[in-house]
Amino acid sequence: MISLTDIKKGLLVSLWFVFLTFPLMVIKINPIDKVILWRWSNMYWVAGGSFLCYLAMQIYKTRKLTRQEHIKQGLIKEKPKMQFKLLSDPKIYLPTLAVAGLFFLAFPLLFSTYQTNIMITALMYVVLGLGLNIVVGVAGLLDLGYVAFYAVGAYSYALLHLHFGLGFWEVLPIGGLLAASFGILLGFPVLRLRGDYLAIVTLGFGEIIRLILENWNEFSHGPSGISNIPRPGFFGIHLGLEQSITYLYYLMILMVIFTIFVVNRLQSSRIGRAWFALREDEIACQAMGIDKTKTKLTAFALGAFWAGMVGVIFAAKTTFVNPASFTFLESAIILCIVVLGGMGSIIGVIIAALILILLPEYLRAFSDYRMLVFGAVLVIMMVFRPQGIVANIRRTYTVQKND
Amino acid sequence: MLELKSINTYYGNIQALHDVSLNVKEGEIITLIGANGAGKSTTLMSISGIVPPRTGEIFFKRKPIQGLSPDKIVALGICQVPEGRHIFPDLTVAENLDMGAFLRKDKQQIEEDLEYIYALFPILKNRRSQPGGNLSGGEQQMLAISRALMARPQLLLLDEPSMGLAPLVTRRIFEIIKKINRENNTTIFLVEQNANLALKVADRGYVLETGRITMHDKASTLLADEDIQKAYLGI
Ligand SMILES: Nc1ncnc2c1ncn2[C@@H]1O[C@H](COP(=O)(O)OP(=O)(O)O)[C@@H](O)[C@H]1O
Ligand SMILES: [Mg+2]
């Protein structure tokens, strides 16, 4: 199973890792006593660990390869995918759905306000993930500045309330539309270009928006931000803090359901298929009369629309916005959600959002290592499960030969 | 119906078409033959607006269409089946066909056209819920042609439909092409390397050599021409 070359390569890999981690893991400087501590035992751990990891990966890979070979040769039948069964068997998924639904409905009654607040945040990221999923997962446009549209939404509520006294419900669609218009403005020149340019330009755009918000004091009140943004009103009835959080929670649940509904409809519509097809084969799409730029622009603007609406909700939830909430890190997290969840898969994005947002909240002890874990998880996913937690169903057809 | 007036098409600095002029009359099957790399596909791409010509004029039903975007050209009634088929492998057969009707809103007639296509290619009906990538080469070609038909083109551009297919399958595809031409009065612009077959189904033919039209005549005349026989028919 393991050949000599594998072992040789493994040794090289572990040597390389020892070299890379040497300053971090072995040398420790004590500046007070001015002595250097050589922690040699750490080196052995790194060497041994990376060697074993490498071997494990190799074994996994060869096993997978031989399996695929066997399937090709018809020696063994491909097992129907577990998740595929789970998702397509109503006997399994309906009760799961019911339990999950009840859990989420009863959540504010069962848990404290603090927990409810965290859950609201997680649900916001679910919607953000589903929005970005239209752009990245379905249409295949790498948008690294998604947070900019989120910021546009948040600031449109803050500013429209400050200057014109508009309320949450009026601004909710306005914020979405404003974000979408920004998306169109940005996308129009860029979407004609190749994919990688889009990534760079959106990355820059995200930073530009943040810098404008930070530095244009007269417009956005600079780094100190805007406070006293009202929470959503409930038919003019005044709500206490706890009640308004519960209210916001249910609003968010409705928003998630609405988003799932719309995204689901979109994906199975003609335009949804056009997004998907455009990612696969531009020439064929052009031959079918699909306007490349317009189609991509629709996806881009729709994704931005959702970010804008969640931005409004964000401003209403925290009652305060400042530019620090809209850094590149936010874009990265939302992108992680989409990639981890499985590009284009709604269920996957929901699960990934809940995991990525809730886990760090409950594992505060590890908060220092949060980014490290994010990075590691992403790398591991790319190696072992590039299709994401839940692969897009489209890609899981089983091949059957009839003739 | 279609007229190209000395078009010049470039890929970057490289000129692929030199002063190509040709015309297609309504209802006929016309073929463009030539060796690999002669510029046949480029000619179709120029007509479709996917690789627009740098100079020259293209008229469709007496109206100039050069400079229009590909979707506008499809909307006018010109649809291309690109070389190598380019079906969507992850979409089902039915979804592939629906993509062909992307610009159409007339649900009723789309339904009728779908029935017509399923009658034309019963195999597609059997496989309508399978992904396009699972079809065999010949079935994929049928799907590609059908998908283009779903756009209800007046002019159908076919780029090497015989490519990579067994002779028997090729013959069947060519029969269908003739049938489409007869039954719907769809004008057909057929690009082929397989000159023998193409000239047999076509009314007229053009010969393209390194981006230039070198000959055009009735298909039967070309088929009998000695130079053509030597160069393209391997006789
Ligand atoms: N995308 C492209 N970029 C650059 N050159 C191309 C491209 N496509 C085709 N060409 C060149 O244009 C010429 C004509 O190609 P093509 O129209 O594909 O020929 P045919 O279809 O007759 O085989 C060839 O010399 C080919 O190398
Ligand atoms: Mg060609």
Margin query: Rolling a 1.4 angstrom probe over the protein chains, ignoring ligands and nucleic acids, what is the accessible area of A:Phe314 in square angstrom, nearest 10?
Written below: 30
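How much net charge surrounds A:Ala56 when only the other residues with a Cβ under 14 Å from the Cβ of A:Ala56 are counted, with Lys and Arg +1 and Asp and Glu -1?
Values: positive: A:Lys9, A:Lys61, A:Arg63, A:Lys64; negative: A:Asp6.
Taking every Cβ under 14 Å from that of A:Ala56, the sum is +3.
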Note to self: Let me cross-check A:Phe320: its accessible surface, 1.4 Å probe, with only protein heavy atoms counted, in Å² to the nearest 10?
What the structure shows: 80
Next item on the list: Show the residues, 5+ positions off or on another chain, whose built amide H is closer than 5 Å to the amide H of B:Met215.
Entry: B:Val207
Next item on the list: Enter the angle in degrees (range 0 to 90, nearest 10) between the Cα long axis of helix B:137-149 and the first principal axis of the Cα atoms of chain B, meaning the one along which they spread out most.
Entry: 90
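Could you state the per residue volume, in Å³, of the convex hull enclosing the Cα atoms of segment A:4-73? Could you put the intermediate results ahead of the total?
Values: hull volume 5.4 nm³, N = 70.
Once divided by residue count, the hull of segment A:4-73 is 77 Å³.
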Notebook entry, point to check: Percent relative contact order of segment A:111-384, based on C-alpha pairs within less than 8 angstrom and at least six residues apart?
Noted result: 40
Item checked: Qualifying lysines (Cα of each under 20 Å from Cα of B:Lys200; at least 8 residues distant if same chain) -> B:Lys25, B:Lys40, B:Lys178, B:Lys179, B:Lys218, B:Lys230
Notebook entry, point to check: If Lys and Arg each add +1 and Asp and Glu each add -1, what is the summed charge of the other residues whose beta carbon sits under 11 Å from the beta carbon of A:Val377?
Noted result: +2
Next item on the list: Leaving out ligands, DNA and RNA, calculate the buried accessible area for the pair B and A with a 1.4 Å probe, summed over both sides, in Å² to the nearest 100.
Entry: 2400
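Under the rule of -39500 (n - 2.57) per DSSP H run of 4 or more residues, summed and divided by the residues of the protein assembly as shown, what mean residue ellipticity at 222 nm is obtained, to the nearest 500 deg cm²/dmol?
-19000 deg cm²/dmol
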Check: Amide H of B:Leu17: which non-local residues (sequence gap of 5 or more, or other chain) have their own amide H closer than 5 Å, using H built in the peptide plane?
Finding: B:Thr9
Item checked: Under Karplus coefficients 6.51, -1.76 and 1.60, residue-wise ³J(HN,Hα) of segment A:178-188 in Hz, glycine/proline x -> 4, 4, 4, 5, 4, x, 5, 4, 6, x, 3
Margin query: Let me confirm one metric for peptide B:86-99, namely the mean number of other chain beta-carbon atoms within 10 Å of its residues' beta-carbons.
Written below: 5
Next item on the list: Give the angle, between 0 and 90 degrees and rounded to the nearest 10, that separates the Cα long axis of helix A:270-280 from the longest principal axis of the Cα atoms of chain A.
Entry: 40
Next item on the list: Mind checking B:74-82 for the average number of partner chain beta-carbons within 10 Å of each residue's beta-carbon?
Entry: 3
Checklist line | Residue-wise HN-Hα coupling along segment B:216-226, computed from phi with Karplus coefficients 6.51, -1.76, 1.60 (Hz; x: Gly, Pro) | finding: 8, 6, 4, 4, 5, 5, 4, 4, 8, 5, 5
Next item on the list: Please give the per residue accessible area of segment A:4-73, computed with a probe of 1.4 Å over protein heavy atoms only, in Å².
Entry: 81
Note to self: Compute the helix-to-body angle for A:195-215: its Cα long axis versus the longest principal axis of chain A, expressed 0 to 90° and rounded to tens.
What the structure shows: 50
Checklist line | Three semi-axes of the equivalent ellipsoid, chain A, Cα gyration tensor, whole Å, largest first | finding: 39, 31, 23
Check: Extent of segment A:136-287 along each principal axis, from alpha carbon coordinates, in Å, largest to smallest?
Finding: 57, 37, 22
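Give the longest segment of chain A that steers clear of trypsin sites (Lys or Arg not before Pro) in DSSP loops with at most 10 neighbouring Cβ atoms within 10 Å, not counting the sites themselves.
Working: sites that count: A:Lys34, A:Lys77, A:Arg194, A:Lys401.
Between the exposed loop sites, the longest stretch runs A:195-400.
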Note to self: If packing is taken as the average count of other Cβ atoms within 10 Å, what order do B:218-226, B:33-41, A:41-49, A:350-358 fall into, highest mean first?
What the structure shows: A:350-358, B:33-41, B:218-226, A:41-49
Item checked: Radius 11 Å from Cβ of B:Gln193, net charge of other residues (Lys, Arg +1; Asp, Glu -1) -> -3
Next item on the list: Please list B:His216, B:His18, A:His238, A:His70 in order of solvent-accessible area, largest first, computed with a 1.4 Å probe with all protein chains present.
Entry: A:His238, B:His216, A:His70, B:His18
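Under a 1.4 angstrom probe, counting protein chains only, how are B:Met1, A:Met25 ranked by accessible area, largest first?
On the way: B:Met1 45, A:Met25 70 Å².
Most to least solvent-accessible, the answer reads A:Met25, B:Met1.
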Next item on the list: Summarise the accessible area of segment A:111-384 (1.4 Å probe, protein heavy atoms) by the percent that is carbon and sulfur.
Entry: 70
Next item on the list: Could you check how much of the accessible area of chain B is carbon and sulfur, as a whole percent, using a 1.4 Å probe?
Entry: 49
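Kindly sort B:Thr31, A:Thr113 by accessible area of their heavy atoms, largest first, with the probe set to 1.4 Å.
Numbers: B:Thr31 0, A:Thr113 45 Å².
These residues rank, largest area first, as A:Thr113, B:Thr31.
The values are calculated or read from the model by the stated rules, or taken from the named source; none is laboratory data. Since the structure is predicted, the reported quantities are computational estimates derived from the model, not experimental observations. Don't worry about glycine lacking a Cβ; one is built from the backbone with ideal geometry, like all the others, and counts go over all protein chains shown. Each accessible area value is taken on the protein alone, full model and side chains, heavy atoms only, with ligands, DNA and RNA left out. Shrake-Rupley method; radii C 1.70, N 1.55, O 1.52, S 1.80 Å.
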